[in-house]
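Working notes, beginning with the structure itself.
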Amino acid sequence: MPGLPPRLRAARPAEARRAVTEPWPVRAGLIALALLFIALLLVLPLVLVFQTAFAQGWRTYLAAIREPDAWAAIRLTLLATIISVPLNTIFGVAAAWAIAKFRFRGRQLLLTLIDLPFAVSPVIAGLIFVILFGRRGFLGPWLAEHGIRIIFNTPGIVLATLFVTFPFVARELIPLMEAQGSDEEQSALTLGASGWQTFWRVTLPNIKWALLYGIILCNARAMGEFGAVSVVSGHIRGRTNTMPLHIEVLYNDYQFAAAFAVASLLALLAVVTLVLKSLVEWRAAPASAPSEAAAG
Amino acid sequence: MSRRVLPGFGLSLGVTLTYTSLLVLIPLGGLFLFSGRQSWSDFVAKAILDPRVLASYRLSFGTSAMAAAINGVFGFIVAWVLVRYRFPGRRLVDAVVDLPFALPTAVSGIALVTLYDRHGWMGRHLASLGIQVANTPLGITLALVLIGLPFVVRTVQPAIKDLEAELEEAAASLGANRLQAFRRVIFPAILPALLSGFTLAFARAVGEFGSVIFIAGNLPMRTEIAPLLIVIRLEQYDYTGAAAIGVVMLVASFLTLFVINLLQAWSRRRGKET
Amino acid sequence: MTIQANQITKRFGAFTALDRVDLEVGDGQLVALLGPSGSGKTTLLRIIAGLEQADEGSVWLDGVDTTRQNPRERRVGFVFQHYALFRHMTVFENVAFGLRVKPRRVRPGRDEIRDRVHELLRLVQLDWLADRLPNQLSGGQRQRVALARALAVEPRVLLLDEPFGALDAKVRKELRRWLRRLHDEIHVTSVFVTHDVEEALEVADEVVVMNEGRIEQKGHPDQVYEHPVNSFVYHFLGSVNLFHTRVRDGQVRVGEQVLAVEGEDEAVVHARPHDIEISRTAEPGWLEGTVLRIHGIGPVVRVEVRREDESLVEVELPRERYADLRFTVGEAVHLSPRQAKVFAEAGRQSN
């Protein structure tokens, strides 16, 4: 699974006590090393973001966020997210149903295709839409003739966001639904349930945590995407800047406090995402454990 | 094939194929088609021979490999510590490992450059040691280490977890000391997962944009990464130039994807043998 | 309710799982499909349920062609090997599921559903577990919930796929007797799949022995056990000793057994270990050998005898009888089958 490593369900102690382990100085040293590495690499930048954002006080902070261009960026980010997340969720569920519940020719190829957006640079994600819809792209002249603007406009930003967040939900659901098999669906059918009844009453409850997990990740990426959106946006202040792009503009204008103020909103989103993610993992752990002896 | 028992095959596959084609297949195909519009020699000149492009590949692939290697070492240690040892705050650290998945790259980008430029919290001290991070390949590597870490940790963690305690106990009962047990028993068992994680981190790093461009300084020939060069070509309305570099990078990601699949198949086979 | 499967053929790629199989199950019968894994028994069951589509052939339920019907329309109860309980629903909700998904016109009311579910749970003796989740139950309990759930919709036939396959030996035994009693009580036409000979012979009214996608034999359990029609069935139903013997004048002779065969050079005589007489004293015509090994397991003692031609013969004796004889390893003994069989089916199995 390129792009996103297998999800780790609620990290639980493997064994409380092992007979064979390292001597305690080695253990302490390794723990210290790991903690230091995480602290320097991950925690310090996060602390810096909040520290810098509030360095010049609340007033400056609020002013930076209330500024009209910042507002426009927030609105555009939310718009792109509100369109992308549901579409990719519906797609993810459909793809997982087709791939996990059926065997057909080209199935493996389709799986690889779904993974592709993870493997592709976000810049290329933007590039392909510029080449399709840009002024000198395939459809550029035709679009210009009809007065339709996709690149350097909201539709381009939505498309780029859709592309980079495309696999998140499908990728969470497919392995889970494959592992769960279709026995429960089959028994629902023999008990007289219709296809939709089977989906809503049997399949969906079984995948709800993985679905939620996928949606949370999809949402975080949709709101935070930079590279792909940057290529198609054109950086028109107040019109085609999303929050991450607005941060870049502010930073390049040396408005550091404002840049970090907007950044702190996204950092907060990241923290909330991590908390939700941990909650879901924690909730899903008992439910997703196979309820019966594994099939032989 | 005969009729299927579970309903919804046509609908779900139809939705999937339509959506995948519209959003992924056709646009990516368009890129190849577009770069096919020029002659082969033009393509080679733009995609490979141009010294600025060549320098950007060297930088992108070099720093990505370096970062993935660093993550191979530290990611392994982090994963080991998280699986094997109990200490206060372990769950928190485990959650924080995923931060790079959740934190928008632009945010980590400006945070890193602010930390590591000459006046930054870290950069100040490093500068007094004569080490410059911002605007150098070192800074790029640092950014790539940050975004690549969870890939290694999350791939290696389950492999360590699946290691049977018996293996190590058997090694110990046969007289191996801890280091020998690690080198001859544990490490070979984890190796496929570790390589998978390395490759995933590498693949992600090669394409990374947001967290790198702030700290890179973007000096042509020196600290200009390949994805940035695509953006620059586009800004100059040189679509064919951009597409040419895009195709090379896309082919590189296909290759890494292929390697990852091989590694994961290997790792699955390994898993079955034990 | 009767089941009729006509000329069912099913292929998975190059593998033929079922080859023109005919099966008929009479009203109220309990039939076992018995065979090794890969014999096609589960596939046949799933085709009857509509969970799998046959490539050729038809399935008739109660005289109506249901070949083109989906499982929902067939109204069969299916019990899965691994139970397939809905893991997010309580035992009560699992059993109620089939009633709740009925179209509104025919859906029973809330109270009626509750009464029906409790009635069924009492039937399977699990009423006290109604509020548990499946993963809080033992294997045997889960299997009984699965059965109650299948019965809730009043299926026309009940199909059980290796119903006791995932349970340990003791629970299996209890549960199969319980299934027999339950069937005597409710009399719904039932088919179950198993690879366990004892289970099939003990529980079923009729046993259908399958192998390599074909039915080898069907009949009453005693009939099948006492009169296997071919070497496969003989082998499958129990341990076998084989005697490769020359044919003389249309007859073969092993010990005191003389069997008629149709003209071949050599025939293979089959005899069960408990049907072989063993003695210290030489009798005319008996086979000779030396005792190689003796194991006493429970009520039977097994004696392994090596014949002069190096072939091995296994003999089973009741413990009391062995106590009288007390053979020792290396001792010379004499053997003769009390009962034996020869099958006229040269190389049929290897095709």
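The values are calculated or read from the model by the stated rules, or taken from the named source; none is laboratory data. Note that the coordinates shown come from a computational prediction; the quantities given were computed from them, not determined experimentally. Ideal geometry is used to build each Cβ from the backbone, glycine not excepted, and the neighbour counts take in all protein chains shown. Calculation scope for accessible area: heavy atoms of the full protein, side chains included, ligands and nucleic acids excluded. Shrake-Rupley method; radii C 1.70, N 1.55, O 1.52, S 1.80 Å.
Please determine whether any residue of segment C:4-17 is part of a strand (DSSP E or B), open to solvent by 20 Å² or more (accessible area, probe 1.4 Å) and of a type in the set (Phe, Trp, Tyr). I'd like the intermediate steps shown before the answer.
Start the filter on segment C:4-17 by keeping residues that are part of a strand (DSSP E or B), which leaves C:4-12, C:15-17.
Keeping just the survivors that are open to solvent by 20 Å² or more (accessible area, probe 1.4 Å) gives C:4, C:6-7, C:11-12, C:15-16.
Checking which are of a type in the set (Phe, Trp, Tyr) leaves us with C:12, C:15.
Yes.
Across segment C:18-49, the qualifying residues are those that are part of a helix (DSSP H, G or I) and of a type outside the set (A, V, I, L, M, F, W, C), and the one among them that is farthest from C:ARG72 (Cα to Cα) is C:LYS41. Within segment A:192-206, being in a helix (DSSP H, G or I) and buried (at least 23 other Cβ atoms within 10 Å of the Cβ) holds for A:THR198, A:VAL202, A:THR203.
Conditions tested, residue by residue: (1) out of contact with any Ser or Thr (no Cβ under 8 Å at 6 or more places or on another chain); (2) among the hydroxyl-bearing types (Ser, Thr, Tyr); (3) on the phi > 0 side of the Ramachandran plot.
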{"position": "C:SER39", "(1), (2), (3)": "yes, yes, no"}
{"position": "C:ASP65", "(1), (2), (3)": "no, no, no"}
{"position": "C:ASN70", "(1), (2), (3)": "yes, no, no"}
{"position": "C:LEU85", "(1), (2), (3)": "no, no, no"}
{"position": "C:MET89", "(1), (2), (3)": "yes, no, no"}
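If you go through segment A:99-115 one residue at a time, do you hit one that is closer than 20 Å to A:PHE226 by Cβ and open to solvent by 10 Å² or more (accessible area, probe 1.4 Å)? No - not one qualifying residue is present in segment A:99-115. Would you say C:LYS102 is surrounded by 23 or more Cβ atoms within 10 Å (Cβ to Cβ), basic (Lys, Arg) and out of contact with any Lys or Arg (no Cβ under 6 Å at 6 or more places or on another chain)? Taking the combined requirement at face value, the residue does not satisfy it. If you filter segment B:184-238 down to residues that are small (Gly, Ala, Ser) and more than 19 Å from the chain's Cα centre (by Cα), you find that the one that is farthest from B:ALA165 (Cα to Cα) is B:GLY217.
For (1) buried (at least 21 other Cβ atoms within 10 Å of the Cβ); (2) modelled with pLDDT under 90, each residue gets a yes or a no:
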residue	(1), (2)
C:ALA130	no, no
C:GLN143	yes, no
C:ALA146	yes, no
C:LEU151	yes, no
C:ILE186	no, yes
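Taking first residues from segment B:239-250 that are within 16 Å of B:GLY207 (Cβ to Cβ) and partners that are in a helix (DSSP H, G or I) and among the charged types (D, E, K, R), the Cβ contacts under 7 Å between residues at least 6 apart in sequence or on separate chains come to B:ALA242/B:ARG233; B:ILE245/B:ARG233.
Matching residues to (1) surrounded by fewer than 19 Cβ atoms within 10 Å (Cβ to Cβ); (2) assigned to a helix (DSSP H, G or I); (3) more than 7 Å from chain A (Cβ to nearest Cβ); (4) touching a residue at least 24 places away in the same chain (Cβ under 8 Å):
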| site | (1), (2), (3), (4) |
| --- | --- |
| B:GLY30 | no, yes, no, no |
| B:ILE48 | yes, yes, yes, yes |
| B:VAL53 | no, yes, yes, yes |
| B:SER60 | no, yes, yes, yes |
| B:ALA67 | no, yes, yes, yes |
| B:LEU82 | no, yes, no, yes |
| B:ARG86 | yes, no, no, no |
| B:GLY123 | no, yes, yes, no |
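With respect to the stated conditions, C:VAL91 fails to be within 13 Å of chain A (Cβ to nearest Cβ), in contact with a strand residue (DSSP E or B) (Cβ under 6 Å, 6 or more places away or on another chain) and of a type in the set (A, V, I, L, M). Only one entry of B:ILE230, B:ILE147, B:ILE160, B:ILE215 meets the criterion of being open to solvent by less than 10 Å² (accessible area, probe 1.4 Å), part of a helix (DSSP H, G or I) and free of Cβ contacts under 8 Å to residues at least 24 places away in the same chain, and that entry is B:ILE230. List, please: which pairs have Cβ atoms under 9 Å, are six or more places apart or on different chains, and start with a residue in segment A:122-146 that is more than 12 Å from B:ILE26 (Cα to Cα) and at pLDDT below 90 and end with one that is in a loop (DSSP other than H, G, I, E, B) and open to solvent by less than 10 Å² (accessible area, probe 1.4 Å)? That search, which allows pairs on different chains as well, returns A:GLY140/A:GLY134.
Is at least one residue of segment C:22-34 touching a residue at least 60 places away in the same chain (Cβ under 8 Å), of a type in the set (Asp, Glu) and more than 14 Å from every other protein chain (Cβ to nearest Cβ)? Please lay out each step first, then the result.
Kept after step one, since they are touching a residue at least 60 places away in the same chain (Cβ under 8 Å), are these residues of segment C:22-34: C:22-23, C:25-34.
Of the ones still in play, those that are also of a type in the set (Asp, Glu) are C:22, C:27.
Cutting the leftovers down to more than 14 Å from every other protein chain (Cβ to nearest Cβ) gives us C:22, C:27.
Looking through segment C:22-34, at least one residue is touching a residue at least 60 places away in the same chain (Cβ under 8 Å), of a type in the set (Asp, Glu) and more than 14 Å from every other protein chain (Cβ to nearest Cβ).
Restricting attention to segment A:213-271, which residues are within 19 Å of A:PHE163 (Cα to Cα) and of a type in the set (Ser, Thr, Tyr)? Correct list: A:TYR213, A:SER230, A:SER233, A:THR240, A:THR242.
Would you check if there is a residue in segment C:148-159 being within 10 Å of chain A (Cβ to nearest Cβ), under 24 Å from the mean Cα position of the chain (by Cα) and part of a strand (DSSP E or B)? Checked against the condition, which is being within 10 Å of chain A (Cβ to nearest Cβ), under 24 Å from the mean Cα position of the chain (by Cα) and part of a strand (DSSP E or B), segment C:148-159 yields at least one hit. A residue that is in contact with a Ser or Thr (Cβ under 7 Å, 6 or more places away or on another chain) and surrounded by 12 or more Cβ atoms within 10 Å (Cβ to Cβ) occurs nowhere in segment C:259-266.
Output yes when any residue across segment C:70-85 is more than 30 Å from A:TRP200 (Cβ to Cβ) and either open to solvent by less than 40 Å² (accessible area, probe 1.4 Å) or in a loop (DSSP other than H, G, I, E, B) (or both), and no when none is.
Of all residues in segment C:70-85, those more than 30 Å from A:TRP200 (Cβ to Cβ) come to none.
Within segment C:70-85, not a single residue is more than 30 Å from A:TRP200 (Cβ to Cβ) and either open to solvent by less than 40 Å² (accessible area, probe 1.4 Å) or in a loop (DSSP other than H, G, I, E, B) (or both).
Residues of segment C:222-246 that are within 24 Å of C:ILE278 (Cα to Cα), outside any strand (DSSP E or B) and of a type in the set (A, V, I, L, M, F, W, C): C:LEU237, C:VAL240.
Restricting attention to segment C:50-66, report how many residues are in contact with a Phe, Trp or Tyr (Cβ under 8 Å, 6 or more places away or on another chain) and either surrounded by fewer than 23 Cβ atoms within 10 Å (Cβ to Cβ) or not aliphatic (A, V, I, L, M) (or both).
Taking segment C:50-66 as the starting set, the residues that turn out to be in contact with a Phe, Trp or Tyr (Cβ under 8 Å, 6 or more places away or on another chain) are C:51, C:66.
Now restrict to residues that are either surrounded by fewer than 23 Cβ atoms within 10 Å (Cβ to Cβ) or not aliphatic (A, V, I, L, M) (or both): C:66.
Qualifying residue count, segment C:50-66: 1.
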